Every structure is written in C-alpha cells, then in structure tokens.
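The values are calculated or read from the model by the stated rules, or taken from the named source; none is laboratory data. Just so it is clear, the model here is predicted, and its values are computed rather than measured. Cβ: placed from backbone, ideal geometry, glycine included. Neighbour counts: every protein chain shown.
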Amino acid sequence: MKLSGIHHVAYRCRDAKETVEWYAKYLNMDFVLAIAENEVPSTREPDPYMHIFLDAGNDNILAFFELPTRPDMGKDPNTPEWVQHIAFQVDDVETLLAAKARLEADAIEVIGPIDHTIFKSIYFFDPSGHRLELATNTGTPEQHDRLDAVKWDMLNEWAETRRAPQHARWMHERGEDSGA
C-alpha cells in the first residue's frame, strides 16, 4: 500500500469560532466544513464536540476539535515548546515578511525570520497556544543533493550515538564550503 496523502491533521482548540476567524484572518485559510456531535462516532462515548476543517492550501486540511465538557487544554510537560508545531509553506521571502508584519501589527509575537540554510521561517502561536511556522524554501538543488546523499548515514549514526552527526555541518557554517 502507498498512501495518497494526508486527509487531515487534527488538533484541539479552545474556541472553534475564534479559531476559524483567526486562521482566516492571519493565514487566509478557507473554512470548509463543520461537524458537531454529542457522541464520538468511533467510541460511542457521550462527549459533545465541534470539529472544524480549514484548507491550508492544495486541499491540505487542518482540523480542530472544541471540547467544551473536557478540562482545559494542556501541553506535554516533557516536550519543549519548540518541538511540536505546524509548519506551513509560503511562496517566497516577501510573503513571509508580509505575514510577519501583519501578525506583529496585531501584537502577535513573531520569532524570525530564521535562516535554516535551505529555508527561512518565522514562528508564532495561535489563540489556542499551538506553535506555528511559516516557511519558504531557499535551498539550491545542490544543497538538497548534498543532504540527500547523507541522510541514511546521519540517521544510522544518530541511532547508535544519540549525538548530532556532522555530515551536514556545512548548513550551519557561513563560509565557502557552506554550499549557500
């Protein structure tokens, strides 16, 4: 079996209406579907919810559940805040900078742009506290080829040592060998 794509990715939100309006305003996502039930279809558990679906572009669907009878949302205390995030692609650096300006104009704190060598990105949080990233690709075909050539060596070395392999150290060095 080969997967044909991701149908949707679902997260929890504090307020479904606020979430739809925020993602439409700041990320220009279309609101495509709402499903509300008083019982969970897969478990038959009585638990009212609102399930909303937003189009993140090219039919990539981001979904949220509002669960009014459950305790407030929490985060995994053992996972750093920077790890779990949703990264959305934008076309170019100009679009990235325009998004940053729009967010900051409404007092939304933005980190970046950060230069990751093969892409640049900004980071911020939605109203439910989910960390988001907007990224635009800036890497060259040669850079991607260099990374592709070492991916298995890096993974295998990591699996044995749990220390960062140095096969792609050039990505973090700014000099003649950076491939930048």
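A few notes on this one:
- Filtered residues of the stretch 3-23 (kept if within 16 Å of the chain's Cα centre (by Cα) and either not assigned by TED's automatic domain parsing to the domain that holds N60 or not charged (D, E, K, R) (or both)): I6, H7, H8, V9, A10, Y11, C13, T19, W22, Y23
- Qualifying residue in the stretch 28-48 (condition: modelled with pLDDT of 95 or more, assigned to a helix (DSSP H, G or I) and either among the aliphatic types (A, V, I, L, M) or more than 30 Å from T95 (Cβ to Cβ) (or both)): no
- Selected residue (only one of I114, I118, I86 is outside the structural domain of R14 (by TED's automatic domain parsing), surrounded by fewer than 16 Cβ atoms within 10 Å (Cβ to Cβ) and touching a Ser or Thr at 6+ places or on another chain (Cβ under 7 Å)): I114
- Within the stretch 142-157, not a single residue is within 24 Å of L54 (Cβ to Cβ) and not polar (S, T, N, Q).
- Beta carbons closer than 6 Å, at least 6 apart along the sequence or on distinct chains, never pair a first residue in the stretch 52-81 that is surrounded by 11 or more Cβ atoms within 10 Å (Cβ to Cβ) with a second that is modelled with pLDDT under 90.
- Within the stretch 1-27, considering residues that are aliphatic (A, V, I, L, M) and free of Cβ contacts under 8 Å to residues at least 40 places away in the same chain, the one farthest from D91 (Cα to Cα): M1
- Taken as a whole, the structure places M171 among residues that are touching a residue at least 40 places away in the same chain (Cβ under 8 Å), assigned to a helix (DSSP H, G or I) and out of contact with any strand residue (DSSP E or B) (no Cβ under 7 Å at 6 or more places or on another chain).
- For beta carbons closer than 7 Å, sequence separation of 6+ or different chains, a first residue in the stretch 90-105 that is within 18 Å of D126 (Cα to Cα) and in contact (Cβ under 8 Å) with a residue 24 or more places away in the chain and a second that is among the polar types (S, T, N, Q) and surrounded by 14 or more Cβ atoms within 10 Å (Cβ to Cβ), the qualifying pairs are V90/T136; L96/T136.
- Residue check, L103 within 14 Å of the chain's Cα centre (by Cα) and either assigned to a loop (DSSP other than H, G, I, E, B) or within 18 Å of T19 (Cβ to Cβ) (or both): no
- Filtering the stretch 127-149 to residues that are of a type in the set (V, I, T) and surrounded by 15 or more Cβ atoms within 10 Å (Cβ to Cβ) leaves T136, T138.
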